[in-house]
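Notes follow the structure.
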Amino acid sequence: MKKKERQQKIVDEVSINRKVSSSYLSEKLDVSEDTIRRDIKELHDQGLLAKVHGGAISTVQKLYHYNEDVIYNRENKVRIALKAIKLIEDGMVIIMSGGTTNLILAKLLPKNLKATVYTYSLPIAMQLTEHPLIETIFIGGKIQRSAMVTTGIDVIQYLSNIRANICFIGVSALSIEQGVTDEGYEVAMIKKAMINASQKTVFLVTPNKFNATLNHDVCSFGEIETVVTDLASDDLTFKKYRKEGLPML
């Protein structure tokens, strides 16, 4: 099968199923997972699908909202969001980063909560507009199409003028050696600005983000104030990080 034909089949599978794994495509198309990952990256760069951990999802309607069926580890993220909500009080000023864990948090906020939320995530801002008592402030800037967040110096400067009670940061990677890291330089800088603008910082971490390191520092391990995860207290990873002094909920 030629490359062009194979990539078209990948696009077709994603369109039909909304989400597909690299292993599924590898078996179906009888090629290696490395080949599939390269194809997915090329198709992602062309805007024909969205590359995610372990596979790809459709970009249809992604501009306005995420289809909940294509949120990976959704049950984990719901449990994390429900824990995080307990840290929020009426009247708070909140900053939220991008990512699907924060998107679920925005969706699950109690309808009687009165708060002001700043975010540079377009999907989260759109979700918050459905909340009757939350004042939503979208921080504008250059849009990063893959994640539908704004980036750039304008976002960082805006955040420098905010004094928030709490911020919620979705974590891309966390390790004892490197702390919180992120794939993109601009997003890492924005998350640093969020930390500086907030009295309290809460990191939302799904189990697959532990013991991972990416290219750009957000904060060191010793600077982490609070981690919310859905790892069980008897989980070996939970015990390991708790032993190192990480505050975990």
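The values are calculated or read from the model by the stated rules, or taken from the named source; none is laboratory data. The structure displayed is predicted, hence computed values, not measured ones. Positions of Cβ are backbone-derived with ideal geometry, glycine not excepted, and every protein chain shown enters the neighbour counts.
Annotations for the structure displayed:
- Residue-level check: of (1) in contact with a Phe, Trp or Tyr (Cβ under 6 Å, 6 or more places away or on another chain); (2) under 16 Å from Pro247 (Cα atoms), His216 misses just (2).
- Some residue of region 225-242 being touching a Gly at 6+ places or on another chain (Cβ under 9 Å) and in the same structural domain as Asn102 (by TED's automatic domain parsing): no
- First in region 26-49 and surrounded by fewer than 13 Cβ atoms within 10 Å (Cβ to Cβ), second anywhere and in a helix (DSSP H, G or I), Cβ under 8 Å, 6 or more apart: Ser32/Ser26
- Residue within region 115-123 that is at pLDDT 95 or above, in a loop (DSSP other than H, G, I, E, B), in the same structural domain as Gly184 (by TED's automatic domain parsing) and surrounded by 15 or more Cβ atoms within 10 Å (Cβ to Cβ) present: yes
- Residue check for Gly179: assigned by TED's automatic domain parsing to the domain that holds Ile94 and touching a Gly at 6+ places or on another chain (Cβ under 6 Å): no
- Residues in region 142-173 that are outside any helix (DSSP H, G or I), buried (at least 19 other Cβ atoms within 10 Å of the Cβ) and modelled with pLDDT of 90 or more: Val149, Thr150, Thr151, Ala164, Ile166, Cys167, Phe168, Ile169, Gly170, Val171, Ser172, Ala173.
- Extreme residue, nearest to Gly91 (Cα to Cα), among residues of region 108-130 that are free of Cβ contacts under 8 Å to residues at least 24 places away in the same chain and among the charged types (D, E, K, R): Lys111
- Number of the condition not met by Ala164 [criteria: (1) in contact (Cβ under 8 Å) with a residue 60 or more places away in the chain; (2) under 22 Å from Lys77 (Cα atoms)]: (2)
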